[in-house]
């Protein structure tokens, strides 16, 4: 069974370590905040100028001056800090953010990522994505393995305009967990009930399968 | 010190057609609402606007787009504005999309007296076209030039008659960088106080960067995505 968006987020949350500073992109990545293990402490960075992003406010307590990078109303937590956009991207480029999670339309077997533009159809802009992928030590991509037509989104080379080159380290899709290595995608885990054959069939890029591939547990 | 003006109309009085403007704000958060309304009233046109976003159809810079006052936008994300998309696709509006960090830092560079900066954002993508690439310590960086807008327009929480500014929460965002970059910087503030009332330890933008300041009024502070969580039942 393919994973739900929530399960993709839950699996990614297992990569968090105590004390991590983390940036979560819009879409599935924001759900990772709901699955942070209770026994560790992470600090969420919102690139519009906040360290220590808290949950959504209770109804009636929304503050128009307190939003996240997706323009949603949020709260702060003890230890939060506000700063300007240059400092925000400064700490990102300086490698201070331990883990970045974002979505993708396509990822290549060399770790290139395309997630900002579909020429002629969607040209909304890259926002902070190019800064994040060019600077982050650890990039985890949350994505569907195939598009609505069933075509693979894990490709030998991206066909869409790139957000960054050779930067993705790990992918959690709806059917697999993969690392990006020197020699292509390496299969690490499969979704419950999903076979290695299905993953091979749905991965157009080079896929390395070594030994027994465990199922993800939920 | 003679920086205080009576309001937005006086603050923007000499902005000409064809000017290069930079505006603070992220989405609708921390935008200079009063000055945008004044620019719409003044009808100044053929503007090039450096601003992270383009507002929504009926608020923020969207109001200027509706009146066809903008020739070109330099932004990082313009997704929330259908009128913008229409003008973009029809060719009425020129758009340059640049990484958010690059936009912030190019404004900052001008305020720090640096003609250019190096950033890895966009290396290997279409953003890199036509730009110089240099390698430092084994990593490629694009050279990006400082922005030097004719006028910078910012929104702050508190300011004094020396032009010192303090911002509020995430309404800070691009405002401090935009404030540093302008040849003329205009600040609208929620609370204008006499010099001496703001603690010098807490100043975010020193007044040397600010040329005109006024007490703003009637802030709508629209929320783009009102998101809440449920209280647990007792």
Checklist entry - Scanning segment A:1-28 for residues that are at pLDDT below 95 and either crowded, with 20+ Cβ neighbours inside 10 Å or in contact with a strand residue (DSSP E or B) (Cβ under 8 Å, 6 or more places away or on another chain) (or both), which turns out nearest to residue A:177 (Cα to Cα)? => result A:28
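One line per residue, one yes/no per condition, for (1) buried (at least 18 other Cβ atoms within 10 Å of the Cβ); (2) within 27 Å of residue A:21 (Cβ to Cβ); (3) more than 10 Å from chain B (Cβ to nearest Cβ):
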{"site": "A:129", "(1), (2), (3)": "yes, yes, no"}
{"site": "A:135", "(1), (2), (3)": "yes, yes, no"}
{"site": "A:138", "(1), (2), (3)": "no, yes, yes"}
{"site": "A:151", "(1), (2), (3)": "no, no, yes"}
{"site": "A:160", "(1), (2), (3)": "yes, no, yes"}
{"site": "A:164", "(1), (2), (3)": "yes, yes, no"}
Item to check | Number of the exception - residue A:70 against (1) touching a strand residue (DSSP E or B) at 6+ places or on another chain (Cβ under 9 Å); (2) more than 8 Å from chain B (Cβ to nearest Cβ) | outcome: (2)
Checklist entry - Does residue A:77 satisfy the criteria of being modelled with pLDDT of 95 or more, farther than 30 Å from residue A:155 by Cα and either part of a strand (DSSP E or B) or more than 10 Å from every other protein chain (Cβ to nearest Cβ) (or both)? => result yes
Checklist outcome for this item: Among (1) in contact (Cβ under 8 Å) with a residue 12 or more places away in the chain; (2) more than 8 Å from chain B (Cβ to nearest Cβ); (3) surrounded by fewer than 18 Cβ atoms within 10 Å (Cβ to Cβ); (4) not in a strand (DSSP E or B), residue A:97 falls short only on (3)
Checklist entry - Any idea which residue in segment A:50-60 is surrounded by the fewest Cβ atoms within 10 Å (Cβ to Cβ), counting only those that are touching a residue at least 12 places away in the same chain (Cβ under 8 Å) and not in a strand (DSSP E or B)? => result A:55
Checklist entry - In this structure, is residue B:63 more than 18 Å from residue B:179 (Cα to Cα) and at the interface with chain A (Cβ under 8 Å from one of its Cβ atoms)? => result no
Checklist entry - From the residues in segment A:100-125 that are assigned to a strand (DSSP E or B) and at pLDDT below 95, which one is farthest from the other protein chains (Cβ to nearest Cβ)? => result A:118
Next on the checklist: Within segment B:121-161, considering only strands (runs of 3 or more DSSP E) that don't extend past its boundaries, which have at least 2 residues that are surrounded by 13 or more Cβ atoms within 10 Å (Cβ to Cβ) and modelled with pLDDT of 95 or more?
Outcome noted: B:139-145, B:151-160
Next on the checklist: With the requirement that a residue be under 15 Å from the mean Cα position of the chain (by Cα) and not in a loop (DSSP other than H, G, I, E, B), what does segment B:38-55 give you?
Outcome noted: B:39, B:47, B:48, B:49, B:50
Checklist entry - On the given criteria, is residue B:78 within 9 Å of chain A (Cβ to nearest Cβ), touching a helix residue (DSSP H, G or I) at 6+ places or on another chain (Cβ under 6 Å) and part of a strand (DSSP E or B)? => result no
Checklist entry - If you go through segment B:15-27 one residue at a time, do you hit one that is part of a loop (DSSP other than H, G, I, E, B) and touching a helix residue (DSSP H, G or I) at 6+ places or on another chain (Cβ under 6 Å)? => result yes
Checklist entry - Can you tell which of B:166, B:153, B:117 is touching a residue at least 24 places away in the same chain (Cβ under 8 Å) and away from chain A (no Cβ under 12 Å)? => result B:153
Checklist entry - If you check residue B:25 against the conditions, is it surrounded by 15 or more Cβ atoms within 10 Å (Cβ to Cβ) and within 14 Å of another protein chain (Cβ to nearest Cβ)? => result yes
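The values are calculated or read from the model by the stated rules, or taken from the named source; none is laboratory data. A quick note: this is a predicted structure, and the numbers were derived from the prediction, not measured. Cβ atoms come from the backbone with ideal geometry, glycine included; neighbour counts cover every protein chain shown.
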